[in-house]
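The values are calculated or read from the model by the stated rules, or taken from the named source; none is laboratory data. Everything quoted here is computed from the prediction, not taken from an experiment. Cβ placement follows ideal geometry from the backbone for every residue including glycine, while neighbour counts extend to all protein chains displayed.
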Amino acid sequence: MNRAAGKNQRRDTTVVLQKINIRLSKIILLLDAFSEEPVERGVQIQTRQGKKPVAKSSGYFLFLDMEQEEFTVEITSPLYRTRRICLRADGGREAEEIFLYPSPAYLVKPGTTIICGEILSWENFVAGKAGGRHVKGFRVETGGGTIRTGILRVHLEEEGQEGRLLADYEKGSTEISLFMRGTYSTGKRSWYIKEKETNRGEYFQVRPFAAAPETYCLSSELKADYRKREARIYPAWECPVGDNGEYYLLLPHLKEKKYLLYYTLDFPRETGGTKGSPQENAGGNPDPQENVGINTDSQANVGGDSDPQANAGGNPEDAREYTGEREILGLQKNQWDWKEEGLEWDFV
């Protein structure tokens, strides 16, 4: 064979194609609980078996080919509190929103008000002991590996910042029609609703409903009926209470003045215990002396459990509530330790 013929000789190549089936199991959307913007970077997500999701744009993460219908994921980041959540595979039918709460390492922008501190055991202060002990019992592990923690919710009732219902809300509805105004008129997810005359109210979270600009989907149904003429809606915020009673909450858009902050502090209950037992009272701690309570005010607004997955685990019957109000300074770091509150310090 000459050289020219060799150059023109065709070589047959066999390509073997293997069909690969990839099954979409779950979609999650990570949101910053302070800015309520998607979280795209700086987080580590994995299951107990070490499996990681596929990262997409705008805070979406995809779990593929999950073997179990329910699986637990842990989300960690230096800037946010660690979250551990049990997810259910649904074929990616709808993205499940997961809020990440800022840690003290969070990059705080100018104009932010900080509320932080610890919930300490009151008995040591009554006895005159210095320092106090951290209270345990703010963390309960439920079936499936989900960690339910205590949750601190707050709201402000500023004139000019409230919203209104556009239609009466009936208990059991998964949608709510409302008008928001003021600084928080666009994009905010967390709110507090109350009746003007009775001060009865609850916290709730929403997400936009594509079919109507002023209709929103509720994260969970409200506990009561609300009439548009009587209901008032105010901006709200929340943060988890850590294992040792520590919390860190950021508030935006406040001015350099005094504000009256309304709060509700929820604690998860142990399930399967006997009411009044140390295991239930202390959230799993066998020492009943570790119990802690918050000064309750019968005139204060009562808040409910809003987001079963993002907050305290969901079932309001499995939580204990303490409500009240406190004065804060805008644009300051308010160190707010609960040892000063101790009037009623028993979980019931």
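Does residue 23 meet the test of being surrounded by 15 or more Cβ atoms within 10 Å (Cβ to Cβ) and among the basic types (Lys, Arg)?
no
Specify which of the listed residues (160, 150, 187) is touching a residue at least 24 places away in the same chain (Cβ under 8 Å) and in a loop (DSSP other than H, G, I, E, B).
Checking each option against the conditions leaves just 187.
Among residues belonging to segment 32-64 that are crowded, with 19+ Cβ neighbours inside 10 Å and touching a residue at least 40 places away in the same chain (Cβ under 8 Å), point out the one that is nearest to residue 89 (Cα to Cα).
Checked segment 32-64; the qualifying residue nearest to residue 89 (Cα to Cα) is 39.
One residue is enough: does segment 87-98 have a residue meeting the conditions in a strand (DSSP E or B), within 30 Å of residue 183 (Cα to Cα) and of a type outside the set (D, E, K, R)?
Looking for residues that are in a strand (DSSP E or B), within 30 Å of residue 183 (Cα to Cα) and of a type outside the set (D, E, K, R), one finds at least one in segment 87-98, hence yes.
Conditions first: (1) closer than 30 Å to residue 48 by Cβ; (2) within 17 Å of the chain's Cα centre (by Cα); (3) not basic (Lys, Arg). Residue 236 passes all but one, so which condition is the exception?
Only one criterion is unmet by residue 236, namely (1).
Inside segment 61-90, can you point out the residues that are over 12 Å from residue 44 (Cα atoms) and among the acidic types (Asp, Glu)?
Within segment 61-90, 65, 67, 69, 70, 90 meet the criteria.
So which of 114, 147, 119 ends up being at pLDDT 95 or above and under 29 Å from residue 335 (Cα atoms)?
From the options 114, 147, 119, the qualifying one is 114.
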